[in-house]
Amino acid sequence: MVTRLRCRARRHQALLTVLGSLLTAGVLVLVLAGQRHEFAKALSSAPVSVLALTVLLQVIALVSRSEAWHLTIEAAGGKVDRRILYRASSMQVLGGVINGHLGVAARIAALRRSSPDVCPQVPTLIAAEFPILAVEATLAAVASFTLVAPLGLPWWLPIIGLVVVGAASVGLRRLALAKGQKLWRGLAVLRSLSGGSRVIGFVLIAVFAQILRNWLLLHAVGVDASVFDATAVLIGLVTLGQLPVGPAVGAAAAVLILGSQGVAAAAAAGVLMTVTGTLGGFCFAAWAGVDHLRSALIRKRAARRSRARPKQASPSGIVPE
């Protein structure tokens with residue numbers, strides 16, 4: 001019964017994602033009606049050098065977040081090799097194209113499948129995501145004032161959000177100090193100041209790389225955006241990414257935040273955010289595939305050499321069979 005319920009939920013989630021993607025794309029088409037020329041011009045105005053740089057920034061963000069995940073897994077007792085963990089982390093890219101939650105599930109499943117003996121159990125791996133999410137949520141709460149003007153939010157709303165996120169972070173810290181349950185072992189990195197500081201550092205690198213990527217793309221298509229605007233777009237993109245909006249999430253977030261400065265240019269910047277982000281993710285996934293093949297070839301060569309070694313005679317002169 002549980003298996004049937006899970007399969008049914010997966011089918012409904014896939015259907016909801018498809019419907020949400022079509023609905024979001026349809027709304028964007030309606031919004032851009034009559035501005036097709038401006039949209040195409042904004043897309044073509046982005047220099048190739050800027051696009052290449054933003055792809056590189058996306059790769060840096062993915063690698064930094066993967067290293068933060070490696071720190072949380074290591075603190076939880078996992079002995080997974082860094083290269084294997086990075087390869088598993090690349091699976092989030094493939095699943096994240098459809099849905100962010102699917103991406104997290106994909107990389108956890110890939111890590112368990114590749115290193116079942118030295119990898120923590122699934123509950124611990126799920127809990128290991130919380131320290132990273134807590135840092136990202138805190139940064140989003142601190143920077144949420146950038147959403148006040150574009151969305152017309154009350155000035156006090158970011159303060160409430162910061163208090164809520166701060167209380168949740170304190171709760172995670174207390175749970176991290178609790179021992180005995182496998183679930184809370186994933187929070188072990190929060191028990192030490194050095195471990196938590198390193199996770200924060202790598203998450204900061206990932207977030208700043210994405211903000212810089214947004215800022216470069218916004219200026220490349222002609223949107224006079226500030227760093228705060230680029231931060232607001234990132235918050236909007238991550239927030240909308242939790243909904244079943246599909247690949248149109250970049251354009252939807254950019255139009256929602258900066259549509260007042262020109263819908264066509266904002267939508268073009270959002271499309272380029274999605275394209276360069278996907279390309280950066282595929283570059284990371286391509287490295288993971290090549291590294292996996294390289295490791296398999298090395299293991300095969302090592303096995304052949306071990307079989308080709310001549311059998312040594314024992315001190316009695318008898319060659320063991």
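The values are calculated or read from the model by the stated rules, or taken from the named source; none is laboratory data. Owing to the predicted nature of the structure, the values given are computational and were not obtained by experimental measurement. Positions of Cβ are backbone-derived with ideal geometry, glycine not excepted, and every protein chain shown enters the neighbour counts. Remember, those area values only see protein heavy atoms, side chains included, never the ligands or the DNA or RNA. Shrake-Rupley method; radii C 1.70, N 1.55, O 1.52, S 1.80 Å.
Could you state the number of Å between the C-alpha centres of segment 21-99 and segment 192-208?
About 20 Å separates the Cα centre of segment 192-208 from the one of segment 21-99.
Given the DSSP H assignment, sum -39500 (n - 2.57) over each helix run of at least 4 residues in the chain and divide by its residue total; what's the result at 222 nm in deg cm²/dmol, nearest 500?
Value at 222 nm, helices only, nearest 500: -26000 deg cm²/dmol.
Solvent-accessible area of W156, probe 1.4 Å, all protein chains present, reported in Å² to the nearest ten, please.
120
Can you give me the span-like helices of the chain, meaning DSSP H runs with 20 Å or more of Cα extent along the axis and Kyte-Doolittle mean at or above 0.5?
Correct list, ordered by number: 2-31, 48-75, 122-142, 157-177, 193-220, 227-241, 263-308.
Could you put F228, F130 in order of accessible surface area, largest first, with the 1.4 Å probe and the full protein assembly present?
I get F228, F130, largest accessible area first.
Tell me, in nm to one decimal, what length is gained between A33 and R307 on full extension, where the rule is 0.36 nm per residue of separation less the Cα-Cα distance?
Result: 91.8 nm gained on full extension.
Of the listed values (1) 32; (2) 25; (3) 48, identify the label whose number matches percent of Cα pairs over 34 Å apart calculated from this model.
(1)
Summing +1 for each Lys or Arg and -1 for each Asp or Glu, what net charge is found among the other residues whose Cβ lies under 12 Å from the Cβ of R107?
Taking every Cβ under 12 Å from that of R107, the sum is +3.
Counting only protein heavy atoms and a 1.4 Å probe, tell me what percentage of the chain's accessible area is made up of carbon and sulfur.
Carbon with sulfur: 69 percent of the solvent-accessible area.
Of I132, T146, V249, whose Cα points farthest to the positive end of the dipole of the chain (charges on the beta-carbon: +1 Lys, Arg; -1 Asp, Glu; origin at the Cα centre)?
Ranked along the dipole, the leading option is I132.
What distance in nm separates the simple spin-label points at R173 and D81, each placed 7 Å from Cα in the Cβ direction?
Rounded to a tenth, the inter-label distance reads 3.8 nm.
Can you find, among A209, L157, A288, the residue farthest towards the positive end of the dipole of the chain? Put +1 on the C-beta of Lys and Arg, -1 on that of Asp and Glu.
Projecting each Cα onto the dipole axis, the largest value belongs to A288.
Identify, among L28, T278, S115, the residue whose Cα sits farthest towards the positive end of the charge dipole of the chain, taking +1 on the Cβ of Lys and Arg and -1 on the Cβ of Asp and Glu, with the dipole about the Cα centre.
Result: S115, furthest along the dipole toward the positive end.
Counting Lys and Arg as +1 and Asp and Glu as -1, each charge on the Cβ, what is the dipole of the chain about the Cα centre in debye, to the nearest 20?
It comes to approximately 1940 debye.
Can you work out the accessible area per residue across the chain, with the rest of the protein chains kept in place, probe 1.4 Å, in square angstrom?
56
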